[in-house]
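All remarks here apply to the structure that follows.
Here, each number is a calculation from the coordinates, and none is a lab measurement. Predicted model only: the values in this text are computed from it and were never measured. Methodologically, a virtual Cβ is constructed for each residue, glycine included, from the backbone with ideal geometry; neighbour enumeration extends over all protein chains shown.
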Amino acid sequence: MTNQIIILPIILPLIFAVTMLFFWKSVKIHRYVNLIGSTISLVVSVIIMIQVLSDGIISLQVGSWQAPFGISIVADLLSAVMIVITAVIGFATALYSIGTIDPGREKFLYYPLLQFLLMGINGAFLTGDIFNLYVWFEVMLISSFVLLALGGTRGQFEGAIKYVTLNLLSSAIFLAAVGILYGIAGTLNMADLARRIPFIEQKELLTAVSVLFMIAFGVKAAIFPLFFWLPASYHTPPVAVSAIFAGLLTKVGVYALIRFFTTIFVHDIGFTHNLLLISAALTMLTGVLGAAAQSDFRKILSFHIISQIGYMILGLALFSPLAIAGAIFYIIHHIIVKTNLFFVSGVVDKLKGSYDLGKLGGVYKYYPILGLLFLIPALSLAGIPPLSGFWAKFVVIKASLEIKEYLIVGIALLVGLLTLFSMTKIWNEVFWKDDPKGSENYIDESYKQISTVKKYLMFAPIILLALITIVIGFYAEPFFNYANAAAEQLIDSSTYINSVLGLK
Amino acid sequence: MLNLILIGFAASAIAPFIYKPLKNYFGWIAATFPLYIFLSFISRYNQIAGGDIIRETFNWIPSLGINFTFLLDGLSLTFVLIITLIGVVVFLYAGAYMKDYDHADRFFVYIGIFMTSMVGMVISDNMITLFVFWELTSITSYLLIGFNHHKEKSRKYALQALLVTGGGGLALMAGFILLSQISGSLEISSLYDLNETIRNAPTYTAIVILVLIGAFTKSAQFPFQFWLPNAMEAPTPVSAYLHSATMVKAGIYLIARMNHSLGGSALWQDTILIVGAITMLFAATLSFNQMDLKKLLAYSTLSVLGTLTMLLGIGSKLAIKAFFIYIIAHSLYKGTLFLVAGILDHETGTRDVSKLGGLRKHLPITTVIAALASFSMMGIIPLVGFIGKETVYSAILEVDYWGLFLLSISVIANALIVMITILVGFKPFWGKLLSTPKAPHEAPIKMWLGPLALAVLGLLMGIFPNVFIGRLLDQSAISIISEKLELPIKLWHGFNFVLLMSFVTLLLGVGVYYFRTKILHIAQNLKIKNIFKPSEWYEFLLNGMMSFAKLQTKVLQNGYLRNYIIFILVTAVSLASLALFKVENLFRITPDFSITFYESAIVIIIVLATFMVIISDSRLKSIVGIGVVGFTMGIIFIIHSAPDLALTTFAIETLTVILFVLVLYKLPKFLPFSKSYSRLRDIIIASSVGLFMTLVVLYITSIELQSELKKFYTDNSVPGGKGRNVVNVILVDFRAIDTLGEITVLAIAAIGVFALLKLKLEDRNK
C-alpha cells in the first residue's frame, strides 16, 4: 500500500459529512453513515498504525510539492496511535449518540458536525506543517463550538460563549506565534523547523515564540492557568458531546505541546520545560481541588480532566524517554477512561434525571452492572492497580524519581489520592447512597420510553471502553513498548526530519 | 501459583451467578474455594519446612521489570496458610450470617477477590506485583466496610479506611521505586545481599519512611490506628477476616519481608519498636469506655498489632520466634472471638456488652468456643496464646536498657486485653440472664463449626507446638533475619520471672475488669482526657482540604469571562517577556526604517482612531473608530502592493461595521460600567500586550530572513501551478489543503448559524 493512505483519516470524515448533507432531512441515513463511516475510519487508522509499526514514519507531500514547500502529512508512532484512539472514540460516540441524542439535535445536523470535528482532530494529529495545524485547530474549534451550542439552551450558550472566546484568543496567539516563527526560521514545515532551529542565533526570540506556542496550546490542553473554558462549558451540552470533547479535545492540545516541545523547541529546555513542570504541578493540584469542590457529576469529571492533563504535561516536562513514554501512555489511557466516565454519567442521568450528586442515589443497589462499569474507569482514573491508570501513573512517577524531582512526586501522589477521593465521592453519592427521592427504585419517566435497542446502544460503547481499559491494564506490555518506541522517535527527531524532508 | 490466583479471581466472579439457586448451601460451596487453595499450599509444607524455596516467574511487563514472580518460603507459607484456613471458616460462616442481607452474592465476590489478593500479596516477590495485590486488598476492604451502604456511617468509614490505607499505599509505591533504583531490580529477593548498599544509599531514609508509612497505615499503627475501630461498620465476617486476622497484618508482613534488606539500622529498628510500643499501649487504653463487642475486639487487635510491630523492632531471634507464635495464636483466637461476637449479634440482636449475660444455656456450643478462644487470648496454659505471651515477654525482657520499661507497659496493655477478653468471652455467657432484643438460641452449624475448629486448633497448637508451628518456624525466621532460630518451642518453661509476669497480667486484668467503672469514674474526675486524637487530625485535614478546594476554585474559576481573558493574556505576555528580557540589546535593535509620508499619515490616523474607540461614550462612534482602523490597515496593504489582501480587508471591515451597527439596536442603553480601577488595569494589560508584540515584530524585521520558500513559489508558480498570481497559486495549489480546511470551516459555520437559529430546545434544568 502506498503512503497516500495517511490522508484518509482527514478526507474520509469530510466525505461522510458531505454525504450526510446530501440527505439533509433523513436522520436515519445520518446515523448509518456516521456509524459506518466511523467504522471505516477505525479500520483505516488501524491499518495506518500497523504500517507505521512495520515501515517506520510515513509521510505524504500533498499535491506532490516537495517539502518544505507544500504541506506534509506525517504519521509517526505518536500520530498513528492518536488517530487510532480518535477513531475508537469516534466509533464509541457514534453508537452512544444513536442511543442518547434527542431528535431535535439529530435533525439539525448533529452527525455531520461530529464528522467535521473528527476531521479537524485527525488533521491536527497528522499534519507536519504548523500553519496547517492552525487550520485544523480552526476546523475543530468551529465544529466543537456548534456542537456545544447546538440545541440553544441557556446553559449551553453561556458555556459556548466562554469556550469560543477563550479558544479564539488561543488561536490568535497561535497565529501570531506562527507568523513570528516564520519570520525567524523562514519555514512552516515542522521537520524543516526542527532541522533549522539549532542553527538560529536569536535563541531568546525563539524561546519567547515557543512560550507563545505553549500558551496557545496550553489553552487548548487546559493547563494551569489557562483552563477556564473547560469547566465553564463541558457540563452544558448533551453528554455524548461532553464525552467526545473530554476524551479528545484537550488531548489535541497536549499532542501539540508534545510535538512542539520534543521535535521543534528543545533549544532551551532549562527554561521551557521548567515552565511546563511548574505548570504541570499546578495543573494537577488546581484541577483535583477544583473537582473536590464540585457536586455535579459532570463538573467533577471536567475538573479531573485538567488534573490528569497535568500528569501528561509532567511527562513531557521531565523530558526523559521514560517520562515521555509515560505521557503517551497516559494520553491513551485517559482518552478511553474519561470518555467512558462521561458515558456512564449520561446513563445515570437518563436513569435518574439528574447530574446533581445531591439528587442522585441508589443506583448500585438495582444496577450493579452499571456500578461495575463505573468502577472500572473510575478506579483506573484514580490509578488503582492493575487498571490502565495505574501503569500510566507508575511510569510518570518512576520517571520523576529517576530525575530526582521529589517535590513533584509528592504532588503527583497527593493528587492521586485526591482523585481517588473524588471518584469515591461519586461512587458514594450516586451508587451507594439510597435514592433521596425516597422511592425505592426511582426511574426517570424518559428512561422508560427509551427503546431496548437504544439502551443496548448506550451500554455497548461503555462496555467496549471498559474492556479496553482492562486490556490495557492486564496486558500493558505491548502498549508500554509502543509508547516507549514513540517516545524514542520524538526525542531523536532525526528520523522524523529525514523521513519528511526525504533526506537519507 | 499463578493459576491458583487466576482460579481465585475466576471463582469470585462466578459467585453472583450461582448464589441464588444455591443460597442454602452457599456457605459450604464457598468454603471449598479457600479450602482448595489451603490444600494446594499445605501440600508443599514439607518441602518448605525442609528448607526449599519455591520460585515461579511469569512475564507481565518485562520492559518495566514487572513480573509475576512468586516466592514461597517459610514466611509466605505461614501467611498463606493463616489466610486460607481462616478463609475456610469465614466463608462457611458467612454463608449463614449473610443470608438475610440483600445482595449477599456481591459480598462473596468482594471477599473472594480479597482472599485471592491477600494470597497473591504474600507470595509476590516482585515489589510492584505485591503492590498491585496490596491495593486490591484496600479496595475490597473499602467495598466490604461499606457493604451496608445505605448507612451513612458505613460509607464514611469505608472512605476513611480507603484514604488512610490508600495514601499509605502511594507512599509505599514511591518507596518501592526508590528501592528498586538502588538494586536495578524490582524483585525483593534481589535485595537479599544488598543490605549494606541499601543502608548507605542517600535515599535510604526516604525509603524507610515511605515503606513504613505504607506498612503503618495498613496495619493501623499509631497515629493511623483510628480507621480500624471505625471499620467495624463492616459485617462481622469481614471484621473477623480482614480487620483482625489477615489484611491488617499485611503491613506487619511487609515489615517482616523487607527486614533483611532495610533492617539493621537504628532508624528502622527504633522507629518500628517505638511506634509498635505506642500502638500497643495507646490502643489498649482506648478500649476502656467501649461497650460494643466488636469495638472492644478491634482495640485489642490494635494492641496486638502494636506488639507484633514492636517485636519486629526488637529483631532478636527470640523476638522473631515470639512474633511468629503470637501472630498465629492471635489469628486463631481473635478470628474466633469476632465470629463469636457475630453469633451473639445474630442470635440476640445486640452487640452491647452491658445488655448481654447468662446466655450459656441458650448458646452452649458458643459458650465453649468463646471460653477456649478467650483462654488463649488471656494467655492461659495450655493454649497457644500462653506460649505466645510467654515468648513475647521473654523477648521484651532481653532488650537492653528499655527491657523492664517495655515489659511493664506490655503487661499493662495485656492486662487491658484480659479485661476485654472477660467482657467479650465470658460476661455474655455467665452470670444472670439478661433480656435481649431477640430471643436467644444456638447458632446454626455453619456458624459454630468453623470457630470451634479454630478454637480447638488453638488448644492443639498449645499442647503440641512443635508439630504445628515448630517446623516452619526456622524457615520463616530465615526469611526475616537470614538466620535459623534453633530455639525449640516449649509449652512449659518452668517457674520463672516471665511466668510470674503472666500471672501478674491475669491478676491485673481481672482487677481492672472488676473496678473498671470506678477507674473510669476516677479518670473522669481527674479530667484525664485523651489528647491524642489522630482521627480528628484526619477530619481536620479532610475539611481543610475541602475548604481550600472551594476557596481556590472560587478564585480561579470565578465565572467572569473578562477575568479569564486577563489571566491568559497576562500569563502569555509575562512569560514570553521573561524569555525576551535575556536579549541584551533588545532596545537598541534598529530595524530598517525608511518611513514614507503616506505611512506616517496612516499611523497617525490609526492611533487617533484607536483613542476615539477607547474614549468615546457612544457605541456608534466606537464602531466607526474600529472601522477606520481596519480600513487604514487595508491601505497599508495597498502601499505594500498587496491589492488582494487590501480588498479582502475592506470587504471584511465593511461587513464587520454593518453587523456591529445591526447588533447595536438589540443592545440595552450604553452605560459606563467599568470603574477607573479596572480601566487602569485594562490599559496596563492591553498596552503591555501591544508593546510586547511591537518589540517582537521590530526584532524580527531586524533579522534577515533566509527562506527558500519565496523563491520556490515565484519560480514554480507558472510552470508548476499554471498561475501568474503567486498568492492564488499558494492558496489553491502549493498549500491547497489549508484552503480545503478553511472552506470546511466556512461550511461548518454556515451549518452552525442555521442550526443555532432554528433549533431552540427547552432547558431541562431550568
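Summary of computed values
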| item | result |
| --- | --- |
| Chain A: angle of helix A:269-292 to the longest principal axis, Cα-based, in degrees nearest 10 | 0 |
| Qualifying trypsin sites (Lys or Arg not before Pro) in segment B:689-735, DSSP loop, other Cβ atoms within 10 Å at most 13 | B:Lys722, B:Arg724 |
| Amide H partners (placed H, <5 Å) of A:Asp296, local residues excluded | A:Leu357 |
| Length released on extending from A:Asp444 to A:Asp296, taking residue separation times 0.36 nm less the Cα-Cα span | 51.5 nm |
| Relative contact order (percent, whole number), segment A:102-166, Cα cutoff 8 Å, 6+ residue spacing | 32 |
| Computed over the protein assembly as shown, Cα set: Rg, Dmax in Å | 35.0, 116 |
| Diffusion constant of segment A:3-501 at 4 °C, which comes from Stokes-Einstein with the Kirkwood Cα-pair radius and 1.567 mPa s, µm²/s | 58 |
| Low-density loop cleavage sites - GluC sites (Glu not before Pro) in segment A:118-210, where at most 14 other Cβ are within 10 Å (DSSP) | A:Glu201 |
| Two-site label geometry, B:Lys582 and B:Leu433: point separation in nm, points 7 Å out along Cα→Cβ | 8.9 |
| Residue exposure sequence - A:Lys433, A:Lys454 - by fewest surrounding Cβ within 10 Å | A:Lys454, A:Lys433 |
| Which of B:Leu372, B:Ala579, B:Leu293, positive extreme of dipole for chain B (C-beta unit charges) | B:Leu293 |
| Options A:Thr339, A:His267, A:Thr283, ranked by Cα towards positive dipole end of the protein assembly as shown, top entry (Cβ charges) | A:Thr339 |
| Subset of A:Lys448/B:Lys99; A:Lys338/A:Lys425; B:Lys151/B:Lys249; B:Lys438/B:Lys518 violating a 25 Å alpha-carbon distance limit | A:Lys448/B:Lys99; B:Lys151/B:Lys249; B:Lys438/B:Lys518 |
| Normalised contact order of segment B:327-526, rounded percent, pairs of Cα under 8 Å and 6 or more residues apart | 32 |
| Cut-off under 5 Å, modelled amide H: who pairs with B:Ser124 long-range | B:Leu71 |
| Sum of -39500 (n - 2.57) over DSSP H runs of 4+, divided by residues of chain B (222 nm, nearest 500) | -23500 deg cm²/dmol |
| Anchor B:Lys621: aspartates and glutamates whose Cα lies under 16 Å away (excluding residues fewer than 8 positions away in-chain) | B:Glu653 |
| Rounded, prolate or oblate (a/c below 1.5 giving rounded, otherwise prolate when a/b exceeds b/c) for segment B:665-751 by Cα gyration tensor | oblate |
| Degrees between helix A:250-259 axis and first principal axis of chain A (Cα, 0 to 90, nearest 10) | 20 |
| Paramagnetic reach from B:Lys153 in segment B:349-389 [backbone N under 14 Å; point 7 Å along Cα→Cβ] | B:350-353 |
| Signed unit charges on C-beta, dipole axis of the protein assembly as shown, positive-most listed residue B:Asn725, B:Ala651, A:Tyr163 | A:Tyr163 |
| Segment B:702-766, dipole about Cα centre (Lys/Arg Cβ +1, Asp/Glu Cβ -1), debye to the nearest 20 | 320 |
| In degrees, nearest ten, helix B:643-664 long axis to first principal axis of chain B (Cα) | 70 |
| Qualifying aspartates and glutamates (Cα of each under 20 Å from Cα of B:Lys760; at least 8 residues distant if same chain) | A:Asp102, A:Glu106, A:Glu158 |
| Segment B:44-171 - Debye-derived log10 I(q)/I(0), Cα point model, q = 0.12 Å⁻¹ | -0.57 |
| Hydrodynamic radius by Kirkwood, which averages 1/r over all alpha carbon pairs of chain B, in angstrom | 31.8 |
| Convex hull volume per residue in cubic angstrom - Cα atoms of segment B:405-490 | 187 |
| Size of charge dipole - segment A:114-251 - debye, nearest 20, with Cβ of Lys, Arg +1 and Asp, Glu -1, no other charges | 200 |
| Rg to Rh, two decimals, where segment A:428-482 supplies the alpha carbon set and Rh follows Kirkwood | 1.20 |
| Mean residue ellipticity (222 nm) of chain A, computed from DSSP H runs ≥ 4 via -39,500 (n - 2.57), nearest 500 | -24500 deg cm²/dmol |
| Magnitude of the charge dipole, chain A, Cβ model with Lys/Arg +1 and Asp/Glu -1, debye to 20 | 960 |
| Neighbour-limited loop hits for GluC sites (Glu not before Pro), segment B:433-518 (at most 15 other Cβ within 10 Å; DSSP other than H, G, I, E, B) | B:Glu483, B:Glu486 |
| Reach of B:Lys355 by Cα under 20 Å, taken over aspartates and glutamates that are not fewer than 8 positions away in the same chain | B:Glu233, B:Asp292, B:Asp345, B:Glu347, B:Glu442 |
| Alpha-carbon Rg with Dmax, taken over segment B:327-526, Å | 18.6, 56 |
| Compactness of segment B:554-707 - radius of gyration and Dmax, Cα, Å | 18.8, 53 |
| Flagged links, alpha-carbon separation over 25 Å, of B:Lys218/B:Lys550; B:Lys218/B:Lys321; A:Lys433/B:Lys334; A:Lys398/B:Lys582; B:Lys294/B:Lys432 | B:Lys218/B:Lys550; A:Lys433/B:Lys334; A:Lys398/B:Lys582 |
